[in-house]
1. Please state which one of Val95, Val131 is at negative phi, aliphatic (A, V, I, L, M), at pLDDT 85 or above and surrounded by fewer than 18 Cβ atoms within 10 Å (Cβ to Cβ).
2. Kindly list the number of the only condition in (1) touching a helix residue (DSSP H, G or I) at 6+ places or on another chain (Cβ under 6 Å); (2) closer than 14 Å to Val143 by Cα that fails for Asn91.
3. For region 60-98, give me the residue count where each residue is of a type in the set (A, V, I, L, M) and over 10 Å from the mean Cα position of the chain (by Cα).
4. Any residue that is of a type in the set (Ser, Thr, Tyr) and exposed (fewer than 15 other Cβ atoms within 10 Å of the Cβ) - is there at least one of those in region 71-83?
5. Which condition number does Asp66 fail, the rest of (1) under 15 Å from Val143 (Cα atoms); (2) at pLDDT 85 or above; (3) touching a strand residue (DSSP E or B) at 6+ places or on another chain (Cβ under 7 Å) being met?
6. How many of the residues in region 82-100 are under 19 Å from Ala59 (Cα atoms) and of a type outside the set (Phe, Trp, Tyr)?
7. Across region 1-56, which residue is modelled with the lowest pLDDT among those that are closer than 23 Å to Lys71 by Cβ, surrounded by 12 or more Cβ atoms within 10 Å (Cβ to Cβ) and not polar (S, T, N, Q)?
8. Within region 96-117, count every residue that is more than 20 Å from Ser36 (Cα to Cα) and not in a loop (DSSP other than H, G, I, E, B).
Amino acid sequence: MKYIILSIVALFFMTGASAQKSTPLPHGMVFGSKPSTIGLMPASKLEDFMGKRTRTSAAISGVILDVTKTKGGWFTLDAGRGRTIAAHFKNYSVVLPKAIKGREVIISGVATKQFTADDQQQLAGSKEHAVKINPKQRLAFEVVGLMVNK
């Protein structure tokens with residue numbers, strides 16, 4: 001009888017601990033600094049907004065597809081049309097929980113295009129090199145602030 005009561009109490013505590021781990025992140029929760037919402041655009045329009053620029057500051061909203069590394073806040077963001085944005089925090093001390101996967105967020109920071117030179121030389125000398133942008137490659141985003149939107 002004593003063992004049955006102890007096992008029921010242990011089961012009660014185990015379910016309580018697992019429920020605490022899966023608590024949803026509240027709307028408005030901020031990681032890093034609070035992101036700017038001036039000029040906010042969807043992540044699917046970021047590449048068109050950048051045009052021929054290789055770097056630009058932006059504030060975008062999108063859905064997190066996966067948290068690849070919690071320390072440093074490494075994650076992938078859906079950019080629409082089958083593309084993704086590889087993002088990480090500028091401040092490495094930010095810890096992003098795995099529970100944020102699938103949530104809509106607002107992020108602000110610096111977006112960069114990843115490209116390679118036509119002859120595989122990233123450091124061009126006096127000769128001009130044509131830059132080929134691979135449409136399958138992702139955009140990179142260095143995040144200064146993230147806020148959970150939905």
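1. On the way: Val131 fails: at pLDDT 85 or above.
When all the criteria are applied, what remains is Val95.
2. Looking at each condition in turn, Asn91 falls short on (1).
3. As a first pass, look at region 60-98 and keep what is of a type in the set (A, V, I, L, M): 60, 63-65, 67, 77, 79, 85-87, 94-96.
Then drop every residue that is not over 10 Å from the mean Cα position of the chain (by Cα), which leaves 60, 79, 94-95.
Count: 4.
4. If we filter region 71-83 for residues that are of a type in the set (Ser, Thr, Tyr), which is where we start, we get 76.
Subsequent filtering for residues that are exposed (fewer than 15 other Cβ atoms within 10 Å of the Cβ) retains none.
Among the residues of region 71-83, not one is of a type in the set (Ser, Thr, Tyr) and exposed (fewer than 15 other Cβ atoms within 10 Å of the Cβ), which makes the answer no.
5. Answer for Asp66: the failing condition is (1).
6. Narrowing region 82-100 to residues under 19 Å from Ala59 (Cα atoms): 83-91, 94, 96, 100.
This time we only want the ones that are of a type outside the set (Phe, Trp, Tyr), so: 83-88, 90-91, 94, 96, 100.
Number of matching residues: 11.
7. This residue is Leu25.
8. Narrowing region 96-117 to residues more than 20 Å from Ser36 (Cα to Cα): 97-99, 101-102, 113-117.
Pick out the ones that are also not in a loop (DSSP other than H, G, I, E, B) and you get 98-99, 113, 116-117.
Total satisfying the criteria: 5.
The values are calculated or read from the model by the stated rules, or taken from the named source; none is laboratory data. None of these values were measured; they are calculated from a predicted model. Ideal geometry is used to build each Cβ from the backbone, glycine not excepted, and the neighbour counts take in all protein chains shown.
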